[in-house]
């Protein structure tokens, strides 16, 4: 079957990642979600392959938590790598070459020249590399919304201080205060359940400290390496420290890239890099990673990038950089997964043993996946195919459907065998629209639980 490897998946349709802002247990969330309705969807989508490669864009994402405080309201500092990210501006870069690592507290928000209902659109770049343009939903600009599949909302501050609060579907609130127009910076985070975190910045505008309401904190140290200001270390209120090492990277001008991380327990992470245009030219891309703090599979990997992924959509041809061709085990060089034809709406994906797996997309959103045995799972979308998942059908033709609110939280979830799951959806005035209950019927046996 012919596959289209067109890279032109619009970036706003990148809808997958896990952001490690202050930790909260999954069972503490008030509402229930499903795939692609927020910046950190449930992992049951299973879209990524290898240790964390997204097939539609061929991008490698990597999350490594370097330091975390203990106790309630813990504070985590997580580095994030996205091989396709090229959009962060220089002043939002702290790990050397600006298109390599970000961290989970580093959001970029700014007003745009474009307007909706006479109100400026606002761009939000998330630490994961995702970015969305939020557009006004009323003439006063009190609320702004992103594309239909994303549940976050922006709310304009009242009063003399100019700012916006980003509210996620699960009730987290991120306060962004205007600094110099058109820019904002993150100053507070609240989890909607009483916990809060404050961010402090230096006179140069660099994040210096994150502190919770219990007096625990993480401090960030900066230094100059090869004339580049970078994060050189982390310190926690309990005395632990993390140190960062760098090495030169030359691409027209000399810069630096993160080469190693030393942890309080004596463990050490190490990284090497290749170029994006060729192995020796272009922006830096992670080539090998040995990460003792990386969770699960993929702690020690080798990445091979596709240097033949060339297109001409006008003004070209040009190479689409950062597209992964292979992921391998760093120790054995065993192939984990390969994308021989590149990324796209229907990419060819082969596991290390040669078995083919499937990921198909429409508008950049997952609509079908198949495992190595060919067993399919199908997804439908609301909003004309550009919104949240409306139903999931498994290999046995069992279908689960969803009724959702504006933020993608489902208020009704009829299961394929007659099970109905209803959760309370709390409106802004705190009044629930539905009670929580289960109504299950299978093989003429019924159970009903009402809270």
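Odds and ends about this structure:
- Residue in segment 114-133 that is crowded, with 20+ Cβ neighbours inside 10 Å and at positive phi present: yes
- Among the residues of segment 140-155, the ones that are part of a loop (DSSP other than H, G, I, E, B) and either without any contact (Cβ under 8 Å) to a residue 24 or more places away in the chain or more than 16 Å from the chain's Cα centre (by Cα) (or both) come to 4 in all.
- None of 349, 367, 392 is buried (at least 16 other Cβ atoms within 10 Å of the Cβ), touching a strand residue (DSSP E or B) at 6+ places or on another chain (Cβ under 6 Å) and either farther than 30 Å from residue 303 by Cα or at pLDDT below 90 (or both) except 392.
- In the set 408, 384, only one residue is within 29 Å of residue 172 (Cβ to Cβ), loosely packed, with under 15 Cβ neighbours inside 10 Å and at pLDDT 50 or above; that residue is 384.
- For residue 160, the requirement of being over 27 Å from residue 65 (Cβ atoms) and surrounded by 14 or more Cβ atoms within 10 Å (Cβ to Cβ) is not met.
- With respect to the conditions (1) modelled with pLDDT of 95 or more; (2) in contact with a strand residue (DSSP E or B) (Cβ under 9 Å, 6 or more places away or on another chain); (3) over 19 Å from residue 231 (Cβ atoms), residue 271 falls short on a single one, namely (3).
- Strands (runs of 3 or more DSSP E) (entirely within segment 65-118) containing at least 3 residues that are in contact with a strand residue (DSSP E or B) (Cβ under 7 Å, 6 or more places away or on another chain) and under 19 Å from residue 205 (Cα atoms): 101-103, 108-116
- Of the criteria (1) on the phi > 0 side of the Ramachandran plot; (2) in contact (Cβ under 8 Å) with a residue 12 or more places away in the chain, which one residue 343 fails: (1)
The values are calculated or read from the model by the stated rules, or taken from the named source; none is laboratory data. Small disclaimer: the values here were computed from a predicted structure and weren't measured. All Cβ positions, even for glycine, are placed from backbone atoms using ideal geometry, and neighbour counts span all protein chains on display.
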